[in-house]
Amino acid sequence: MGTIETLQSVSRSLGPRGDRLAVLALARKGASRWSFAGLDDHVRRLATGLIEAGVRDGEPVGLFAPNRPEWIVAALAILDARAVVVPMDAQSRGEELAHLVRDSGARRMFTVGDHARHIEEIQLQPRPALYLLDGDAQDERSWQRLLAETPRRLAAVGPADRAALFYTAGTTGRPKGVLLTHANCAANVAALLDARLARPDDRVLLPLPFHHVYPFMVGIMTVLATGAALATPADLTGPQVVRALREGEVTAIVGVPRFYEALVSAL
């Protein structure tokens, strides 16, 4: 693809790749497949829907859900709508979760049914609007209800615009937010593309939680910008990881040392 100056460049590179596989998400039973064209259609329609719902430039929008393809769609759509994506640890609960929402200022959050109750339990005021990534079209809180029938070409973001707010693990206190601009993020993606860590014909296994900056930048943004396909396991048990390697025909892995140790012991 051309010069990477913003993360919006990544979302706008999807459509031309057509029906090639973009994401293979394995579940306990079966798997879901998303082509680049399908990903592009949903991202553009959701971005348009977010703006029609009143999302403003630079508005923080939370992502509080486990790994799933719709998480990727939501993240790209938030960025395309000129808002700020706020990935939150799906394991956060209680006061830590309340801190993430209050500190980020997120008034809208993408989540799933099981996690929505954790947000409701902390009784935030005002309560953020919740969009369920696992809700069907009949559910009034389903993310699908935000999808515009016809996407429109949206205004471009600038390199200096805010892109993402990531939170530290909070091992020495409350999690602290780190705000990154599009230029910050794009510089990382561009450097990784230059390093040719993946090729367009690769299948890349991404077993790490999406909310961390490493899997977000390397595993999602860079892999999609490369034109390679992502494969995600149903869970991190040895059998499911091995299954993902085989069924996904994986040629590369984005992992950490602890994961590789577990993988070797399972083989």
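Scanning region 18-50 for residues being small (Gly, Ala, Ser), under 19 Å from the mean Cα position of the chain (by Cα) and surrounded by fewer than 20 Cβ atoms within 10 Å (Cβ to Cβ) gives a total of 6.
Filter region 75-96 down to the residues that are assigned to a helix (DSSP H, G or I) and closer than 22 Å to Leu236 by Cβ and list them by number. Matches in region 75-96: Ala75, Glu96. Filtered by the rule that a residue be free of Cβ contacts under 8 Å to residues at least 60 places away in the same chain and open to solvent by less than 40 Å² (accessible area, probe 1.4 Å), region 181-190 gives a lone residue, Thr181. Counting only residues that are at pLDDT 95 or above and open to solvent by less than 40 Å² (accessible area, probe 1.4 Å), region 191-206 holds 4 of them. Among the residues of region 235-242, are any buried (at least 20 other Cβ atoms within 10 Å of the Cβ) and touching a strand residue (DSSP E or B) at 6+ places or on another chain (Cβ under 6 Å)? No, the conditions are met nowhere in region 235-242.
For Ser104, the test of being modelled with pLDDT of 95 or more, polar (S, T, N, Q) and either touching a Cys at 6+ places or on another chain (Cβ under 9 Å) or over 23 Å from Ala25 (Cα atoms) (or both) is passed.
For region 51-58, the condition of being open to solvent by 20 Å² or more (accessible area, probe 1.4 Å) and touching an Asp or Glu at 6+ places or on another chain (Cβ under 9 Å) holds for at least one residue.
For (1) closer than 30 Å to Thr3 by Cβ; (2) in contact (Cβ under 8 Å) with a residue 24 or more places away in the chain; (3) surrounded by 16 or more Cβ atoms within 10 Å (Cβ to Cβ), each residue gets a yes or a no:
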residue	(1), (2), (3)
Gly105	no, yes, no
Arg117	no, no, no
Glu149	no, yes, no
Pro159	yes, yes, no
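The values are calculated or read from the model by the stated rules, or taken from the named source; none is laboratory data. Note that the coordinates shown come from a computational prediction; the quantities given were computed from them, not determined experimentally. Reconstructed Cβ throughout: ideal geometry from the backbone, glycine too, with neighbour counts over all protein chains shown. Side chains are part of the model used for accessible areas, which takes the heavy atoms of the whole protein and leaves out ligands, DNA and RNA. Shrake-Rupley method; radii C 1.70, N 1.55, O 1.52, S 1.80 Å.
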